[in-house]
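Structure, as structure tokens:
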Amino acid sequence: MKIKRAFLLLLLLVGVMKVSYGQIEYPEDKVSWKFTVEQNGEDAFIVGTITMVEHWHIYAANLPDGAFSIPTEVKLTPNKNYKSIGGVIEPKPIFKHDDIADEDLYYHSNTVKLKRKIKVLSEEDFTIKGSFSFQTCDDDHCLPPHSVDFSVNVKGVKPKEEKPDDIFEDAKGDEVKDKDGNVFVKVNNEWHQVPEGNSIEFYKKYIELAGKDEK
């Protein structure tokens, strides 16, 4: 009888533990995320697609001074392969004044995209690591702040080859200089680089008289 009673007590205790465990709420059950890259050459965006279940929200990344809410953050680990430009880019948040706390709330619900702009400096493909931090709440309560790590792969970008014609398209007159200081002159509708140590006028006459055709 004692063994049976102890066994029933154990079953009851396990049942209570399961019910209690089922009532625990976790931030990752209310918010999901996926990070990707949108890239156009050396300009790229690290994009976090954040989805919240119905009635739950996360706070805006850019909160006004004096706000008590915990801002959502997307942090990127610096490395030599890229340069971070600006902070988190987000759509206009929802605004609501909480009368009980007497606080202005700025938050996002449903699905929202948060972006970080970068400039690619590497010719080789590389990986960016980062972290996503947030606090999620509904109208009744908030869950503890939560942070997760993520990583995304970025394509390297080879430097553009400067074609001689590029510097001539906007040239005014028959002289132009490239970014390295090399001087070109136009003779008989052909562009010629002026050798170092020669004056522009001398080289023009040289091309005209000798009929030299070199670019």
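The values are calculated or read from the model by the stated rules, or taken from the named source; none is laboratory data. Being a predicted model, the structure only gives us computed values, none of them experimental. Quick reminder, even Gly has a Cβ in these numbers, built from the backbone with ideal geometry, and neighbours come from all protein chains shown.
Per-structure values
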| quantity | calculated |
| --- | --- |
| Search result, residues across the range 84-140 that are over 23 Å from PHE35 (Cβ atoms) and among the acidic types (Asp, Glu) | ASP98, ASP99, ASP102, GLU103, ASP104, GLU123, ASP138, ASP139, ASP140 |
| Search result, residues across the range 156-175 that are within 30 Å of ASN81 (Cα to Cα), outside any loop (DSSP other than H, G, I, E, B) and either at pLDDT 70 or above or in contact with a Leu (Cβ under 9 Å, 6 or more places away or on another chain) (or both) | ILE167 |
| Condition met for LYS186 (surrounded by 10 or more Cβ atoms within 10 Å (Cβ to Cβ), of a type in the set (D, E, K, R), modelled with pLDDT of 75 or more and more than 30 Å from SER131 (Cα to Cα)) | yes |
| Criterion (in contact with an Asp or Glu (Cβ under 6 Å, 6 or more places away or on another chain), part of a strand (DSSP E or B), over 16 Å from LYS30 (Cβ atoms) and basic (Lys, Arg)) met by exactly one of LYS119, LYS75 | LYS119 |
| Pairs where the first residue, in the range 32-50, is more than 14 Å from ALA61 (Cβ to Cβ) and the second is acidic (Asp, Glu), C-beta under 8 Å, 6+ apart | ALA44/GLU38; PHE45/GLU38 |
| Subset tally (residues that are more than 30 Å from VAL152 (Cα to Cα) and touching an Asp or Glu at 6+ places or on another chain (Cβ under 8 Å)) for the range 97-116 | 4 |
